[in-house]
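**Q** To start, I am sharing the structure in question, which I have written as C-alpha cells.
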Amino acid sequence: MTFRTGLLFGAAFLTGIVAGPGLVRVAEVGTGSFMFAAYADTLPAVAAPANSHAETYRLLTLFGSIFDLVRANYVDPVSDRDLITNALNGMLSGLDPHSSYMTEKQYADMQVQTTGKFGGLGLEVQGEDGHVRVVSPIDGTPAWKAGIKPGDYIVAIDGHNIDGSPLNDAVEKMRGKPDTKITLTIIRPKAAKPLVLTMTREIIHIEGVKSVLYDKTGYIRIPQFTEDTSAELRREYEKLTKQAGGRLTGGLVIDLRNDPGGLLNQAIDVSSSFIRNGEIVSTRARHPKDSQRWDAKGTDMTDGLPLVVLTNGGSASASEIVSGALQDHHRAVLVGTKTFGKGSVQTIMPIPGNGAVRLTTARYYTPSGRSIQGLGIAPDIVVKESREEPVFSIREADLSHIIKNQGGNQTKPPARDDLPAIASKIPDQPPANWPTYDMTKPATDFQLQEGLRVVRNMAGVAAPDPVAGLPPAPSATATKSEVSHH
C-alpha cells in the first residue's frame, strides 16, 4: 500500500488554523500543496512476535462479537461506519494524546485549513478527559482579541453544553463561515463565575514575524513557525538593525511565548540563524533507518549579538526545538516559565477514500541529547507573567497516557556558568503594584520588561529596573478604607 506522510510537531487541534499546532516539513512542496512533505513508498513492515497469530485472531473475534452485540442491541440504531469509526478513534487515541483517526471529512477540513479559506476563531485546544481546554490563542485572531487565555476551559458553544463531547465535534462547532457569530462559555481558573464571550468568526491567517525597536534593543515576536518564518526573521532583523543605526547595541529578544510550533525546517533555520556549528535537533524513530539529525549551517546572522528568548507553557514543539538548541549551545538566555513539553513527532498517513491516521512515530532530542517529552524546557531565569498561580496546568505531562520520556539523556541541560550578573537580581514574579497586563501596552508585560533588562545587561548597556518607576503600592489600610466607602 502506498501512502503520503507528513510529520507534525504540535500539541492539539486549532479551531481555525491547522489540525495540530505544527507540521514538520522535511522536503519541499509545490505552491498550493497541502503542508505535508515527507513521502514513503510503502508502509514499513513490522515483524509480528512469534506465536502471536492465534492470540490476534482470538482478539479480532472478540471485536467482531462485540460489534455484532452493539449493532443488535444498542438503544438506537447505529451504522456500521459509526461503530468502526468509534473503534478506530479509541484504538488510536488510547495510544497517546496526539494519535487519532480522521474521517474523510475531518481530513478534508484539515486540508482546507491550510489554505486559509474558512472561518474560525484561532484557538489551539486540547482534549482531556472529555473536556476542551485552551492551549493558546493565535495572535491577532478573534479568540486572541476576546481575551481567551491558556488554561481556559470551553464548556458550551452557543449555549449548548459540550463537556464530554469528542474534541472533533467541538472543533467543528467552532468552525464556520466568516462573519458569523459564535458564543463560548468559558470556565477560567479563579474566576468567580463562567465567562460568556461572543465573537465573530474570521478567515484565519497566522500573523507573521513582527519586530519592535526599544531604544537600541531589538524585539522579534514569532507567533508560529510557518513556511516564511526564517525569511521573515531575517527581514525583521535587518529592519531593526537599520533602525538602530547599524547595530543593536542593546541586544535582541526573541519572543516564543504561546507559539505552538510549526514546520521543522523553519525551526532548524531559525536556530541556525544564531548558531554557527553543531547539532540543532535529532529524531529517533522505532526503526533506526527513520531517525535523523540536523546541524547548523555555519552562520550567525547577528555575529554573536546577546540574545534572550522568552518562553512559557504555551511554547510547544518547534518552539521548544529552538529554545532547546539555543540553551544547549549557550547561545541565548531563556527567560520566562517552563515550556509545554511535547517531544514527539506525528506522521499523517492518508487512507484514500477513508480519511487519514495521525500517528506518533518518533521522539525528538535537543543537541545535548535531552528528550523534553513530558518535562518541557526550564528557563535559565524564571519570570512569571503574574502573581497568580494557575489552578489548571496545560502541559504535556498533565495529559492522559502520554508516551514515555526515554531514549536520551533525561537530565537537566548542561550547567551554565555564563549567565549575566543581573540574573540573581531578577524577580520571579511582578510586584504587587505592577499594572494589569494589557496586550496593547508592552510596558505592562512583566516578562518582556525583565527580558529587556537581562539582554541589556548582557550587552553592557544601561538596564533600568522596570519596577523602579512604579508608583508606591497601596497599603493594606488604605485599600481597606477605599473598599469601605463603596
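The values are calculated or read from the model by the stated rules, or taken from the named source; none is laboratory data. Keep in mind the model is a prediction, meaning the values are calculated, not measured. Cβ coordinates were reconstructed from backbone atoms using ideal geometry, including for glycine residues, and neighbour counts include every protein chain displayed.
**Q** Quick one: is Pro178 assigned to a loop (DSSP other than H, G, I, E, B) and in contact with a strand residue (DSSP E or B) (Cβ under 8 Å, 6 or more places away or on another chain)?
**A** Yes; evaluated as a whole, the condition is true for this residue.
**Q** In addition: Return the total of residues in region 229-268 being touching a strand residue (DSSP E or B) at 6+ places or on another chain (Cβ under 7 Å), surrounded by fewer than 24 Cβ atoms within 10 Å (Cβ to Cβ) and of a type in the set (Gly, Ala, Ser).
**A** Counting residues in region 229-268 that are touching a strand residue (DSSP E or B) at 6+ places or on another chain (Cβ under 7 Å), surrounded by fewer than 24 Cβ atoms within 10 Å (Cβ to Cβ) and of a type in the set (Gly, Ala, Ser) gives 1.
**Q** With respect to Ala443, is the statement that it is in a helix (DSSP H, G or I), at negative phi and either under 25 Å from the mean Cα position of the chain (by Cα) or at pLDDT 90 or above (or both) true?
**A** When the stated conditions are applied, Ala443 passes them.
**Q** Same structure, new question: Which condition does Leu419 not pass, out of (1) under 23 Å from Phe340 (Cβ atoms); (2) aliphatic (A, V, I, L, M); (3) at pLDDT 95 or above, if it passes all the others?
**A** The one condition Leu419 does not meet is (1).
**Q** Does any residue of region 273-287 turn out to be farther than 23 Å from Asp152 by Cα and in a helix (DSSP H, G or I)?
**A** no
**Q** Have a look at Thr339, Thr360, Thr411 and point out the one that is of a type in the set (Val, Ile, Thr) and more than 18 Å from the chain's Cα centre (by Cα).
**A** Exactly one of Thr339, Thr360, Thr411 is of a type in the set (Val, Ile, Thr) and more than 18 Å from the chain's Cα centre (by Cα), namely Thr411.
**Q** Can I ask one more? Restricting attention to strands (runs of 3 or more DSSP E) lying wholly within region 321-432, give those where 1 or more residues are touching a residue at least 24 places away in the same chain (Cβ under 8 Å) and outside the structural domain of Gln224 (by TED's automatic domain parsing).
**A** Here the list reads 344-350, 356-365.
**Q** Looking only at region 338-362, how many residues end up being surrounded by fewer than 24 Cβ atoms within 10 Å (Cβ to Cβ) and farther than 30 Å from Glu104 by Cβ?
**A** Of the residues in region 338-362, 1 are surrounded by fewer than 24 Cβ atoms within 10 Å (Cβ to Cβ) and farther than 30 Å from Glu104 by Cβ.
**Q** Same structure, new question: Does Ser317 satisfy being surrounded by 23 or more Cβ atoms within 10 Å (Cβ to Cβ), of a type in the set (Ser, Thr, Tyr), in the same structural domain as Pro288 (by TED's automatic domain parsing) and at pLDDT 95 or above?
**A** Here the answer is no, as Ser317 does not meet what is asked.
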